[in-house]
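Input: a single structure, listed below in structure tokens.
Throughout, read-outs are computed from the coordinates displayed, never taken from laboratory work. Since the structure is predicted, the reported quantities are computational estimates derived from the model, not experimental observations. Neighbour counts are summed over all protein chains in view; Cβ atoms, including those assigned to glycine, are modelled from backbone coordinates with ideal geometry.
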Amino acid sequence: MEKRFLVLKFGGSNFKDFECYSEVKRKIGEVEEVFKDKHLVIVVSAAFGTTDKLLHALYNFRDQKVDSIIDEIYEFHLQVLNNRTDGYFESLFERIRELLTVVRILNKVPPFLKDEFLSHGEQINAYTLLKFIEDEDSRFELKDAGEWIITDGKFGNSTVLLEKTKEKIQSEINRWNGVHSIVPGFYGRSVEGDVTLLGRGGSDYTATTLGYSLDAEAVFLFKDVNGFLSCDPKVAESPYIVKSMSYDEADELSYFGAKVLQYNSIEPLRKSSIPLYVCSFDGVFDLNRCTRISDDKHVTESCVKSISYTDDVAVVQFKGRNLGRVPGVLGEISSKIAHGGVNIKFVITSQTSINLIVSKSALSDVLRIAETIRLDDIDEISYKIDKALIALVGHGMLDKHGIAAKVFSVLADNGINVEMISAGSNEVSFYLIIDRKDLEVSLRAIHRSLFENRVFSNIG
Ligand SMILES: Nc1ncnc2c1ncn2[C@@H]1O[C@H](COP(=O)(O)OP(=O)(O)O)[C@@H](O)[C@H]1O
Ligand SMILES: N[C@@H](CC(=O)OP(=O)(O)O)C(=O)O
């Protein structure tokens, strides 16, 4: 069947100032020029810094001065609109102010209210873009993500119910045909009708969800970098563009911190083998300059395609002389923690210890649950929070001799102690846990030894 849709996502970094809106309009035109006769679905994040500003206003609600933050957001968007306001634009700001008043009356921030409040950053920007690019015979139409994207209802960090969402969209596909749609990213609505957020950076996830649900030809994410790089350019000196990577590789990298792609974004596309392109917002649109993420699991000369990192890790350690020998201990610990609704990022075990790697925000819950686990074989439970994780990702890496040796030796040369490693838990990645204070030096050293001064001009 012919694929009729293309999904394009523009993030906060694409809306830094007034001129950016013209750039976004130009980029949409460039894509239209390359892919004629497709219906475009444009997913829009809040303008640069807006979500953080709204968060700040919400959590400092007792300070009346935070009202000026809302005024500032209003003025920015109004200027983009050349001072042409209308009833819908005003109603979005009225709702924000109303929600802030409710928080003041309640004297606390309920999770459901936080999600609805923050979703306004995207709603305002999507409407602003619509009005900015609209002309007399405009084929652009605004769609409310809350009408189409159905979530599991978890506030702050919900998962999309993909099949339900696809069913809903396909049952009304005529409303998507024949027009270009503009959709605010970052949120959906639960079956109960609550607005719920898809986690920070969640507009990427909105885009891939719509890609899956519309059976799109491809999804494009426009970023302030030249594509998916061999390392975060904020840390590595001269990272390479990865030309192509597999869904597994991109999934691992985003799960372990690569901020260029939200951690849930791959799953919807993997299900239907829809390619994802990570493209630079700068320069003329050219598919060959984007990173292509697809089923293609090829092994490159460097094997490692990219390195990601996170310092959002806490290590909870269960110690006991026989832990590795006794069956069922890990099962008991992980099932109790799962019942408590806490996600374990991954586990490293040895004969005498079980180490759970969790997000820092989950630490207090894990420790509370750990207290209730009364197993004779556990002698001691402790935790560490000043750690960081580095993930090296690439197909073929685990079969190639010398990569681990190179990494350990370069870290040793820099006087850095590797506290834990994990390899072999999947085909594509290798993890290290180090001290947080050593993170930047380690990343630069590993990147330099694996990629820099090499002959390839790009990877993948
Ligand atoms: N491997 C990587 N490749 C490219 N960018 C990365 C990588 N790891 C982290 N990043 C960070 O991700 C950011 C790219 O996302 P950005 O354009 O800000 O997205 P958005 O606006 O969609 O949130 C960059 O600023 C970069 O520092
Ligand atoms: N605005 C939200 C959602 C989002 O996806 O933003 P961005 O595309 O700018 O990362 C956030 O800041 O988390």
Report summary line: the range 5-224: antiparallel bridges as % of DSSP beta bridges, rounded to 5, reads 20
Query raised in the report: Within the range 127-249, what percent of beta bridges assigned by DSSP are antiparallel, to the nearest 5?
Result: 55
Query raised in the report: Counting other Cβ atoms within 10 Å, which GluC sites (Glu not before Pro) in the range 83-144 have at most 15 and lie in a DSSP loop?
Result: GLU134, GLU136
Report summary line: DSSP beta bridges in the chain: the antiparallel percent, rounded to 5, is 60
Report summary line: The size of the Cβ-based charge dipole (Lys, Arg +1; Asp, Glu -1) of the range 1-81 about the Cα centre, to the nearest 20 debye, is 360
Report summary line: Rounded to the nearest 10, the angle in degrees between the Cα long axis of helix 329-339 and the longest principal axis of the Cα atoms of the chain comes to 20
Query raised in the report: In percent, how large is the relative contact order of the range 38-158, given Cα pairs closer than 8 Å and 6 or more residues apart?
Result: 35
Report task. Give me the angle, in degrees from 0 to 90, between the Cα long axis of helix 87-106 and the longest principal axis of the Cα atoms of the chain, rounded to the nearest 10. Result -> 50
Report task. Return a whole-number percent for the relative contact order of the range 5-224, with Cα pairs under 8 Å and 6 or more residues apart as the contact set. Result -> 30
**Report entry** Solitary cysteines of the chain, where the nearest other Cys Cβ is not under 4.7 Å
**Finding:** CYS20, CYS231, CYS303
**Report entry** Rounded tilt (10° steps) of 18-34 against the dominant C-alpha axis of the chain
**Finding:** 90
